[in-house]
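Below: the structure, in C-alpha cells.
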Amino acid sequence: MPGIDQTKQFIPLKIAVLTVSDTRALADDKSGSTLAERIDKAGHALAARAIVTDDVEKIRAQVKAWIADAAIDVIITTGGTGFTGRDVTPEAIEPLFEKRMEGFSTLFLMVSHAKIGTSAIQTRATAGVAGATYIFCLPGSPGACKDAWDEILVHQLDYRYRPCNFVEIMPRLDEHLRRAKAQGATA
C-alpha cells in the first residue's frame, strides 16, 4: 500500500518555480504562489522563482539556466500549456528533455478529469528530465497547480514515499553522462 515510510528521513529538495505569462507579476501570480506555499509547507526549499512572457526563447533560456544550476533539483512551470497561439511552454521545454515522463501527463489528466471532467482534455501538461533535473510543466491555474502538487508531486518528491519516488533515483539520473569515465574505474 502506498504511503510514507516513517523510518526514513525526509530529504528537502531545491525547487524552482517559473510562471509563464504575458500578464502576471509576482504580486498577482496566484499559481506561482500556490506552488511556492506548497513547496515550503512540504519542507522543501524554494530555490528560485521567476516570471517570463509566453515566448519560446525566454522560457527556454530560463529553464536551461536552472538546469545548469547545481543548486536546483526540480523545476516546476505554470502556464502556457493550453492551445491558444501564445501557449508555447511545451514547445519551449520538451526539446530539452533527455527523457520524457509520459506517466506524469497521464496521471495529471486522470487527476484533472476527476476534478473538472472532460475540460481536462484542454491541457498539455508535460514532464521530463534534463541534466539530472526534474521538470514539470503545469497549467496556469491555481487549481491545476494545487491538484498536481497535492495529488502527485508532494508524494513523488518525498524520499519517504513508498513503494518508490523520484528522490531515491536522483543520484542516478546522470549516470549515462558518467558511464564512459566510470568504465574500469575502481572509485
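Considering each residue of region 62-72 in turn, at least one proves to be under 19 Å from Ala25 (Cα atoms) and under 12 Å from the mean Cα position of the chain (by Cα). Per the conditions (1) closer than 13 Å to Thr77 by Cβ; (2) in contact with a Phe, Trp or Tyr (Cβ under 9 Å, 6 or more places away or on another chain), the sole criterion not satisfied by Asp54 is (2). Output the residue which, of all residues in region 93-121 that are hydrophobic (A, V, I, L, M, F, W, C) and under 13 Å from Thr81 (Cα atoms), is surrounded by the fewest Cβ atoms within 10 Å (Cβ to Cβ). Residue satisfying both the conditions and the ranking: Ile121. All conditions but one from (1) surrounded by fewer than 23 Cβ atoms within 10 Å (Cβ to Cβ); (2) under 19 Å from Ala125 (Cα atoms); (3) modelled with pLDDT of 95 or more; (4) more than 13 Å from the chain's Cα centre (by Cα) apply to Gly85; the one that does not is (3). Exactly one residue among Arg124, Arg38 is assigned to a helix (DSSP H, G or I), in contact with a Phe, Trp or Tyr (Cβ under 9 Å, 6 or more places away or on another chain) and surrounded by fewer than 22 Cβ atoms within 10 Å (Cβ to Cβ), and that residue is Arg38.
Is it the case, given these coordinates, that Ala65 is farther than 25 Å from Asn165 by Cα, in contact with a Lys or Arg (Cβ under 7 Å, 6 or more places away or on another chain), part of a helix (DSSP H, G or I) and among the aliphatic types (A, V, I, L, M)? When the stated conditions are applied, Ala65 does not pass them. For Ile51, the test of being of a type outside the set (Asp, Glu), in a strand (DSSP E or B) and surrounded by 13 or more Cβ atoms within 10 Å (Cβ to Cβ) is passed. Scoring Ser31 on the criteria (1) touching a strand residue (DSSP E or B) at 6+ places or on another chain (Cβ under 6 Å); (2) under 20 Å from Phe166 (Cβ atoms); (3) in a helix (DSSP H, G or I) leaves a single failure, condition (2).
Can you tell me which residues in region 5-35 are exposed (fewer than 14 other Cβ atoms within 10 Å of the Cβ), among the β-branched types (Val, Ile, Thr) and closer than 17 Å to His155 by Cα? Of everything in region 5-35, just one residue is exposed (fewer than 14 other Cβ atoms within 10 Å of the Cβ), among the β-branched types (Val, Ile, Thr) and closer than 17 Å to His155 by Cα, namely Thr7.
Limited to region 151-166, what total is found for residues that are under 13 Å from the mean Cα position of the chain (by Cα) and touching a residue at least 12 places away in the same chain (Cβ under 8 Å)? Qualifying residue count, region 151-166: 6. Scanning region 178-187 for any residue that is touching a residue at least 24 places away in the same chain (Cβ under 8 Å) and either aromatic (Phe, Trp, Tyr) or surrounded by fewer than 18 Cβ atoms within 10 Å (Cβ to Cβ) (or both) turns up nothing. Residue check: is Pro90 surrounded by fewer than 16 Cβ atoms within 10 Å (Cβ to Cβ) and not in a loop (DSSP other than H, G, I, E, B)? Taking the combined requirement at face value, the residue does not satisfy it. Of the listed requirements (1) surrounded by 16 or more Cβ atoms within 10 Å (Cβ to Cβ); (2) out of contact with any Gly (no Cβ under 6 Å at 6 or more places or on another chain); (3) within 24 Å of Arg172 (Cβ to Cβ), Ile67 misses just one: (2).
The values are calculated or read from the model by the stated rules, or taken from the named source; none is laboratory data. All values derive from a computational prediction rather than experimental measurement. Positions of Cβ are backbone-derived with ideal geometry, glycine not excepted, and every protein chain shown enters the neighbour counts.
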